[in-house]
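Worksheet: one structure, shown below.
The values are calculated or read from the model by the stated rules, or taken from the named source; none is laboratory data. If you're wondering where the values come from, they're calculated on a predicted model, not measured in any experiment. FYI the Cβ positions are ideal-geometry reconstructions off the backbone, even for glycines, and counts take in every protein chain you see. Calculation scope for accessible area: heavy atoms of the full protein, side chains included, ligands and nucleic acids excluded. Shrake-Rupley method; radii C 1.70, N 1.55, O 1.52, S 1.80 Å.
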Amino acid sequence: MKTLTLYTIGATLLLTGCTKWLDKEPIGILTQEQVQVDPTEGTVVTGIDNAYRPLSYTLNLFGNWDWTGGLVIRPDFLLEDIAAGDATKKWAPDGDQAWMDDVANYNFTAENGAFAGIWKFNYEGISRCNMAIFQLTDPETRAKINMQEDKRKQLLAEASFLRAFFYFDLVKYFGDVPMVLKPLKDFNEAYEVAVKVPKAQVYDQVKSDLQEAINGFPNAKYSNQSEKWRASKGAAIALLAKVALFNDNWKEVITQVNSLDQLGFYGLNDQYFDAFDDTKAYTEKENIFIYDHEPGKQPIRGNGFTALMGWGFMAPSTNFLTEFETGDPRKDLTVNTTDQAIYKLLGAQNGNYKGNDNSPVNRIYIRYADVLLWKAEALIKDNQIREGVILINKIRQRARGSNSMVLPDRDINITDANLAMQWLQHERRVELGLESHRLSDLRRWKIAKTTLTAMGKPFLDRHILFPIPQAEVDKTVGKIAQNEGY
């Protein structure tokens, strides 16, 4: 079946009036992965494997060192950690990659590659998921493939989860976005979907996809024992809780985290660093959803972000480092300022992978400490302050280990919800620092403007959303409307 991605809308529109774009190849032009005339079980599995790829830190998935296009590497570290002031672009400013500085300094323009990059990574993933979902649900295609039903249900669950993940990322960053739910057969279909839909509708689809995933996954920690990196029932439940968190649906957050706990698969590791330690992948109990990088593969699927750290990218800011309480062990486990090594992101408490463009270090998207703090926040917001603070203390107890002289428990008897939220916000920052959550946290807490202004960043009301990439607006002749203020 011949299909089109959202990006191939541009091909027709360019030929019908936008002559300034005639010399450019449309982003997302048809690939062999998206044109499968005679699908087999093997090509369907490969298609879903490829749908995971936009979540990786593998270099140059969609370009050839296209830095300014935002395509060298998935740019979430820039949009979350650097934009929020927890990190700076480099340990020593040198003018390299000025478009990153524009993001850090809130000189947001619709032409900036950071926004085009995250848009591209997510919609490419959605396109691949749509193809897989079609092939796994279309009666004619199913008859051709003749796949065993349990395997079909699991693969459909994976594709549904991934599509939900990509759309959640888009709506979180851009608000209203175009929603494409099937492979596009022709340019008329492509043109019809080139319009933003309300974010509430996108969230409804995300929840629907996640419920499909939950129903389809086996009731096991790993949906595939030989490939433990694949999405699972626990990952789908956790993401459903996160969606509820971003919609201030506190009781639903609590319900979903309770459902996750009932599985009995996850918990806090005894040692804080175990979740990041490359040698303990799949033996620790905290990570719920990761991207599994593997060196020595063709096509390449190693972690290239570790190479950027060899060039000095991603330095912790002074503001971030001073957030840690005196003696908090997490500070030294997160970063070694003397050696300029961010241990969390290097997968080891050394610099062995620094400069490696094909390392095995996994990208952690959801871990249990994060989920536990979602529940703590929801409890506080639901006026169950004592219960929320108890969960904050669990995080602190694990962090301090046997050192009773640091990180004392917070007072569980307080009745001040604002103070409890301040404790929660602090704990999220130091527990999850440099894991690409910070700006989204500030935005949803509605404290981004005050927090970032105090840090000297010129945050304006329009910055609550990122601009739609201008190329997408232009290629659809404005049918995809620009976000307000850009």
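Quick notes on this one:
- For K354, the aspartates and glutamates whose Cα comes closer than 13 Å to its Cα, not counting residues fewer than 8 places off in the same chain, are D339.
- Computed from Cα atoms, the angle from the helix 250-263 axis to the main principal axis of the chain rounds to 90 degrees.
- Cα→Cβ-extended label distance, 7 Å offset, between K446 and Q384, nm: 2.3 nm
- About the Cα centre, charge dipole magnitude for the chain (Lys/Arg +1, Asp/Glu -1 at Cβ), debye: 460 debye
- Listed by chain and number, the lysines whose alpha-carbon sits under 21 Å from that of K196, ignoring those within fewer than 8 places in the same chain, are K120, K172, K182, K185, K207, K475, K479.
- Compared with the dominant Cα axis of the chain, that is its longest principal axis, helix 233-246 is turned about 80°.
- Value of D in µm² per second that Stokes-Einstein yields for the chain, Kirkwood Rh from Cα pairs, at 20 °C (1.002 mPa s): 92 µm²/s
- Here the gap between T46 and E294, fully extended at 0.36 nm per residue and compared with their Cα-Cα distance, gives a gain of 87.7 nm.
- Heavy-atom accessible area per residue - the chain, 1.4 Å, Å²: 40 Å²
- Shape category assigned to region 387-451 from the gyration tensor of Cα positions, a/c cut at 1.5: oblate
- For K381, the lysines whose Cα falls under 19 Å of its own Cα, not counting residues fewer than eight places away in the same chain, are K242, K251, K394, K446.
- Once the chain from L263 to Q397 is taken as fully extended at 0.36 nm per residue, the excess over their C-alpha distance is 45.9 nm.
- Loop GluC sites (Glu not before Pro), region 402-486, which have at most 12 other Cβ atoms in a 10 Å radius of their Cβ (DSSP): E484
- Portion, in percent, of the accessible area of region 32-455 that falls on carbon or sulfur, probe 1.4 Å: 47 percent
- Short-range pairs are left out: with C-alpha atoms under 8 Å and at least six residues apart, the relative contact order of the chain is 19 percent.
- Intensity falloff of region 370-416 expressed as log10 I(q)/I(0), Debye formula with alpha-carbon point scatterers, at q = 0.17, 0.19 Å⁻¹: -0.47, -0.57
- For the chain, the longest principal axis of the alpha carbon atoms and the long axis of helix 41-52 meet at an angle near 50°.
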